[in-house]
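The values are calculated or read from the model by the stated rules, or taken from the named source; none is laboratory data. All values reported here derive from a predicted model rather than from experimental measurement. In this analysis, Cβ positions are derived from the backbone assuming ideal geometry, glycine residues included, and neighbour counts consider all displayed protein chains.
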Amino acid sequence: MTSMLFLGAALVAALSTAGFLEILATREGLATATGSGGPSKSADAGPPEETVRVWVAGAGYVRGRRDAVAAWGRPLKASPGPNRAVEPCRAMVQGEAERLGARSVEAVSAGPHRRNPKGEWVAPVRMRITYPRPDGYEVKEATMTCIVDRENRIVDAFT
C-alpha cells in the first residue's frame, strides 16, 4: 500500500509540473508574455514546452501547454484497440489528483495493451487533469505507460 501511494504521488507530481513563462493569448493570436524563467522543461529534458493562458468565455483563463489548452473543453480521443489499463490508471491518478484539488481527470486509451513476460498488461493511457484556479483553470495532459496485473491492479506507471 505504501508503494502504491508513493507511485501515485510521483505520477501526479510528473503531471503537475509548472512553467515559468505565461503567454497571454487570444483567439486572434499572442498578446504579451509575462514571467521571468523562460519556457518550462519537461522532466525528460526534451524540448521546452510553452505555457499559454487563454481567455475562455464562461470559464475565465485556461492555462497549460498550448496543445492541452487548444483541446480543452473537448473530450480526449481514444486510440483503437483493447486497453485494460485505462480504468485502473485513471482511478489511481484521480485519487492523487483530487488530493491536489483537481476538478476532473480524464483518461483514454493511447494504444492497445500488450503483455509483458510476467503476464502483466502494459498500455499507453492519455490523461488530462483540470485544476480550478482563482482566475479560471489549469489543464495538464500527458501520455503515461501503465502496467496492471491479472486482477487489474496498478503495478507500475510512468510518463
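Close contacts from the range 144-155, counting a first residue that is without any contact (Cβ under 8 Å) to a residue 24 or more places away in the chain and a second that is part of a strand (DSSP E or B), with Cβ to Cβ under 9 Å and a gap of 6+ residues or different chains, come to THR145/VAL122; THR145/ALA123; THR145/PRO124; THR145/VAL125; THR145/ASP156; THR145/ALA157; THR145/PHE158. Screening GLU96 with (1) under 24 Å from ALA57 (Cβ atoms); (2) under 19 Å from the mean Cα position of the chain (by Cα) gives one miss only, at (1). The listed residues are THR130, THR159, and the only one of them that is touching a strand residue (DSSP E or B) at 6+ places or on another chain (Cβ under 6 Å) and modelled with pLDDT under 95 turns out to be THR159.
Residue count for the range 133-149, restricted to those that are on the phi < 0 side of the Ramachandran plot, modelled with pLDDT under 95 and more than 17 Å from the chain's Cα centre (by Cα): 2. Any residue that is closer than 16 Å to VAL86 by Cβ and crowded, with 21+ Cβ neighbours inside 10 Å - is there at least one of those in the range 130-141? Among the residues of the range 130-141, not one is closer than 16 Å to VAL86 by Cβ and crowded, with 21+ Cβ neighbours inside 10 Å, which makes the answer no.
Scanning the range 108-133 for residues that are out of contact with any Leu (no Cβ under 9 Å at 6 or more places or on another chain), outside any loop (DSSP other than H, G, I, E, B) and either free of Cβ contacts under 8 Å to residues at least 24 places away in the same chain or of a type outside the set (Lys, Arg) (or both) yields SER109, ARG114, ARG115, TRP121, VAL122, ALA123, PRO124, VAL125, THR130, PRO132. Here PRO82, PRO124, PRO88 are screened, and the one residue that is within 21 Å of ASP156 (Cβ to Cβ), in contact with a Gly (Cβ under 6 Å, 6 or more places away or on another chain) and not polar (S, T, N, Q) is PRO124. Checking every residue in the range 23-31 against the condition of being over 30 Å from ASP149 (Cα atoms) and either modelled with pLDDT of 90 or more or assigned to a loop (DSSP other than H, G, I, E, B) (or both) gives at least one match. VAL93 passes every criterion in (1) at pLDDT below 55; (2) outside any loop (DSSP other than H, G, I, E, B); (3) touching a helix residue (DSSP H, G or I) at 6+ places or on another chain (Cβ under 7 Å) apart from (1).
Table: residues versus (1) modelled with pLDDT under 95; (2) in a helix (DSSP H, G or I); (3) under 27 Å from VAL148 (Cα atoms).
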{"site": "ASP44", "(1), (2), (3)": "yes, no, yes"}
{"site": "PRO47", "(1), (2), (3)": "yes, no, no"}
{"site": "GLY58", "(1), (2), (3)": "yes, no, no"}
{"site": "GLY64", "(1), (2), (3)": "no, no, no"}
{"site": "ASP67", "(1), (2), (3)": "yes, yes, no"}
{"site": "SER79", "(1), (2), (3)": "no, no, yes"}
{"site": "ASN83", "(1), (2), (3)": "no, no, yes"}
{"site": "GLU106", "(1), (2), (3)": "no, no, yes"}
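One residue alone among ASN83, ASN116, ASN152 is of a type in the set (S, T, N, Q) and at positive phi, and that residue is ASN152.
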